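Note sheet for the following structure.
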Amino acid sequence: MDVVFEVASQPYPLEEHAATLMAENLRVKAAHEPGAEGTVGARALADAIELRLIEDTADPITLGGDGAEAVYYALSVPNGGSGQLRALHDAVKRLHDELERKS
């Protein structure tokens, strides 16, 4: 089952295994790097991913603000170049860059 993220009204599906790894990485980052970039929305996003997997629901997780930043920093590390991961990273990078320009 894919977990679908929505960024700027566009769907970005992520395979179950990749979504599970992302949730784990987000939890670890939130627990071990409090205050670091991308940790504010990390735990809530990890919970949302796991809820989608447990309930086997296709409802998308809308990313914006803290959630998008958490994904941006979670996916900043090279991860083998999955096309799905790259597409999601590029989408949240655009949001991140937009926020940077506004600051």
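Where a number appears in this text, it was derived from the coordinates with a stated rule and is not lab data. The structure displayed is predicted, hence computed values, not measured ones. We place every Cβ from the backbone using ideal geometry, glycine too, and count neighbours over all the protein chains shown.
Add -39500 (n - 2.57) for each DSSP H run of 4 or more in the chain, then divide by its residues: what number comes out at 222 nm, to the nearest 500 deg cm²/dmol?
Counting only the DSSP helices, I get -19500 deg cm²/dmol.
How many angstrom separate the Cα center of segment 54-69 from the Cα center of segment 15-38?
Comparing the Cα centres of segment 54-69 and segment 15-38, I get a distance of 14 Å.
Please report the net charge: other residues with Cβ closer than 10 Å to the Cβ of Arg27, K and R +1, D and E -1.
On the way: positive: Lys29, Arg43; negative: Glu24, Asp47, Glu50.
Combined, the nearby Lys, Arg, Asp and Glu give -1.
Sequence gap at least 6, Cα distance under 8 Å: using those rules, report the relative contact order of the chain to the nearest whole percent.
Values: 136 pairs, mean separation 32.4, N = 103.
Dividing the mean separation by the residue count of the chain yields 31 percent.
Nearest 0.05, what FRET efficiency do Asp90 and Asp47 give at R0 = 22 Å with Cβ-Cβ as r?
The calculated FRET efficiency here is 0.35.
Report the net charge of residues surrounding Ala74, where surrounding means a beta-carbon distance below 15 angstrom and charges are Lys +1, Arg +1, Asp -1, Glu -1.
Numbers: positive: Arg27, Lys29, Arg43, Arg86, Lys93; negative: Glu24, Glu33, Glu37, Asp47, Glu50, Asp66, Glu69, Asp90.
Combined, the nearby Lys, Arg, Asp and Glu give -3.
Got a sec? Charge dipole of the chain, +1 on Cβ for Lys and Arg, -1 for Asp and Glu; which of Val4, Leu45, Val71 is way out at the positive end?
Among Val4, Leu45, Val71, the one farthest towards the positive end of the dipole of the chain is Val71.
Would you mind computing, in nm to one decimal, how far apart the modelled labels at Glu16 and Asp2 are, each placed 7 Å from Cα along Cα→Cβ?
1.5
I'd like the antiparallel share, as a percent to the nearest 5, of DSSP beta bridges with both residues in the chain. Spell out each step's value before the answer.
Details: 5 of 8 bridges.
Restricted to the chain, the bridges split so that about 60 percent are antiparallel.
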